[in-house]
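Only the coordinates and a few stated rules stand behind these numbers; no lab work does. Treat the numbers as computed from the prediction; the structure is a model and nothing was measured. As a convention, Cβ positions derive from the backbone with ideal geometry for all residues, glycine included, and neighbour counts pool all protein chains shown.
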Amino acid sequence: MKLFLNLKILKFLLISPILVSIPVFTNIKEVKAGLEIQWDQYSGYKRLKWFQKENQKKFRNTIYFFLRPSDRNNGILKINLDIPETFKTKLKKEKITLCKVRIGGFDSRTKCIENIPADIEIKDDNSSLDFYPYRPIPSNKDSYAIVLKVFNPRKSGLYQFHSYGQYLGESVSSYLGSWTIVID
């Protein structure tokens with residue numbers, strides 16, 4: 001009788017983990033977590049903040065690339081935005097702006113407060129944008145943003161945009177930081 005009882009307990013202990021795990025394996029859901037991968041952490045990479053209204057492929061999207069006060073050391077004369085080669089979308093000058101921005105949060109929305117007048121140059125192959133503000137962007141406590149109103153590319157993935165800026169008194173551009181956006 002004791003041996004029979006021990007076999008029943010042993011059988012219960014071996015079979016119960018399998019029975020408990022079956023519902024877990026049959027109810028697989030898509031993970032919606034934001035994950036940013038940087039291959040070389042010590043390369044001088046500086047992550048900048050960004051916001052997008054829509055992250056689905058082929059949807060109309062508004063992307064805000066923020067330049068916060070901590071991202072700027074001095075007044076900026078020129079901003080260059082390198083667009084990833086795989087981010088295939090049409091860029092139109094009318095849909096690109098540089099503005100002073102109020103960064104939203106829990107109780108407010110992100111929106112442009114004041115447009116910054118600037119000349120915008122788009123390279124023929126859509127590989128980069130150059131912004132030449134009529135007045136230098138000051139290094140004050142205001143946040144600024146490059147705003148792109150585009151259709152998301154057909155392919156999902158991570159897209160890394162790099163920015164370079166020419167500060168007052170310097171003759172060459174220096175690295176400002178990078179934005180990594182996600183398209184599902």
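When the GluC sites (Glu not before Pro) in the stretch 109-184 are filtered for DSSP coil states and for at most 15 other beta-carbon atoms within 10 Å of their beta-carbon, the remaining sites are GLU170. Considering only ILE113, PHE131, SER178, the residue lying farthest towards the positive end of the dipole of the stretch 50-183 is ILE113, judged by Cα position with unit charges set on Cβ.
For LYS53, the aspartates and glutamates whose Cα falls under 20 Å of its own Cα, not counting residues fewer than eight places away in the same chain, are GLU36, GLU94, ASP107, GLU114, ASP184.
Pairs from the table (LYS100/LYS155; LYS58/LYS95; LYS90/LYS141) lying more than 27 angstrom apart at Cα are LYS100/LYS155; LYS90/LYS141.
Based on alpha carbons, the Rg and Dmax found for the stretch 50-183 are 14.3, 42 Å.
Computed about the Cα centre, the dipole magnitude for the chain is approximately 960 debye when only Lys and Arg (+1) and Asp and Glu (-1) carry charge, each at its Cβ. Pairs exceeding a 25 Å alpha-carbon distance, out of LYS88/LYS149; LYS57/LYS78; LYS46/LYS93: LYS57/LYS78; LYS46/LYS93. Would you mind classifying the stretch 76-150 by shape? Square roots of the alpha carbon gyration tensor eigenvalues, ordered a ≥ b ≥ c; an a/c under 1.5 is rounded, otherwise it is prolate if a/b is larger than b/c and oblate if not. Taking the square roots of the gyration eigenvalues as a ≥ b ≥ c, the stretch 76-150 is oblate. Which values, in whole Å and largest first, are the semi-axes of the equivalent ellipsoid of the stretch 73-118 obtained as the square root of 5 times each eigenvalue of the Cα gyration tensor? Equivalent-ellipsoid dimensions as semi-axes: 22, 17, 13 Å. For the chain, the longest principal axis of the alpha carbon atoms and the long axis of helix 2-26 meet at an angle near 30°. Entry note, the chain: the mean residue ellipticity at 222 nm calculated from DSSP H runs of n ≥ 4, each adding -39500 (n - 2.57), is -5000 deg cm²/dmol after division by the residues and rounding to the nearest 500. Once both labels are positioned 7 Å from their Cα atoms along Cα-to-Cβ, the gap between ARG47 and LEU5 label points is 5.8 nm.
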